[in-house]
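Engineer: Dumping the structure here so I can ask a few things about it.
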């Protein structure tokens, strides 16, 4: 088992990475003697709940199994989780375990952040997207019809247990969606990693254990370093905002679709292509590098154009609600170079319009 550390002073915690990690009682050693409850979803529970119950010494009554999908990440479902915790009389020193993908992790973390003003929680991410991104860093929350993740809190987990074996039961579409966040890391901060992905993405798609292990470790290393430097995503454009590369475009797509039909990673994939396209139009990166980004996204089995139902004007309106808007100005994460991202409001709005028009036109043709 590999161990990384997210260094946040008294809020520091380990990321445990390895095959079989979720079934290993040692992964939960720090939480013995404390009342623990588990939240999972029906798909993940079918594969892994019994293993975690056995490793933690818990019983079936200690688990709450929800439905699956983004539709579960709502204020209403959060209320059900809180009712369950209150009914179980979980104390302030209790521990909530999130067993699942990004939806379960975000929801459980949010509930843990507000239950009795905050209890500890553990992330057991079972999707690639969650293992490389959403389980690390303490962003928790639920969606609102007016915007994704608009209700939430920063609440760091006490431990992340990333079992790479769990990726073997992942549906192909979920694996592809996770690769969008992986590609994001190469684009925003590591050109060598991006080139490695160009050479090895096919191995990842074939569930090559070594390739997946390298991917999870490198992405977690990068995120741990960024979170350690900028835990709460400074509105002044601190390093953590760079993790939103492609996400302003992506969240507009997800809100337009009502958080249905597309996975988060699929929307992020399109957002990455649009961010690269705009960066090239601004003359910050070459057209060749923008094309490399789009080609890698496509090779990962992901879309490169938005749904044909969204028009440029709606795109703009939805982007204007983004959490990175400050002083009435939209800020975007763009590329100064492949492997070097920047958060900025200093971009040509006409060029943004061209990216929106061209991307929506590609969708209509496709």
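Engineer: Have a look at 290, 54, 252 and tell me which one the Gaussian network model of the chain (Cα, springs below 10 Å) gives the largest fluctuation.
Structural biologist: For the chain, modelled as a Gaussian network with Cα springs under 10 Å, the answer is 54.
Engineer: What is the log10 of I(q)/I(0) for the stretch 2-169, computed with the Debye formula using one identical point scatterer on each Cα and no solvent, at q = 0.13 Å⁻¹?
Structural biologist: At q = 0.13 Å⁻¹ the computed log10 ratios are -0.54.
Engineer: Give me the distance in nm between label points sitting 7 Å out from Cα along the Cα-to-Cβ direction at residue 320 and residue 225, one decimal.
Structural biologist: Label at residue 320, label at residue 225, 3.9 nm between them.
Engineer: Which whole-number percentage describes the relative contact order of the chain, with Cα contacts under 8 Å and a sequence gap of 6 or more? Provide the component values of the computation, followed by the final result.
Structural biologist: Numbers: 683 pairs, mean separation 55.9, N = 366.
Result for the chain is 15 percent.
Engineer: What's the percent breakdown of Cα-Cα distances in the stretch 82-223 across 10 Å bins, shortest bin first?
Structural biologist: 12, 38, 31, 15, 4, 0
Engineer: Compute a Gaussian network model of the chain, connecting alpha carbons closer than 10 Å, and tell me which residue from 47, 251, 144 fluctuates the most.
Structural biologist: Largest GNM mean-square fluctuation: 47.
Engineer: In degrees, nearest 10, range 0 to 90: what is the angle between the Cα axis of helix 75-87 and the longest Cα principal axis of the chain?
Structural biologist: 10 degrees
Engineer: Can you tell me how much longer the chain between residue 345 and residue 191 gets when fully stretched, taken as 0.36 nm per residue apart minus their C-alpha distance, in nm with one decimal?
Structural biologist: Once the chain is fully extended between residue 345 and residue 191, it gains 53.1 nm.
Engineer: Sticking with this structure for a sec: Given the -39500 (n - 2.57) contribution per DSSP H run of 4+ residues, what per-residue ellipticity at 222 nm results for the chain, rounded to the nearest 500 deg cm²/dmol? Present the calculation step by step, with values, prior to reporting the outcome.
Structural biologist: Values: 11 runs with 161 residues, N = 366.
After summing the helix terms and dividing by residue count, I get -14500 deg cm²/dmol.
Taken together, the values in this text are just the output of simple stated rules run on the coordinates, not laboratory data. Remember, it's a predicted structure, so these values are computed and weren't measured experimentally. Using ideal geometry, Cβ is built from the backbone for each residue, glycine included, and neighbour counts are taken over all protein chains shown.
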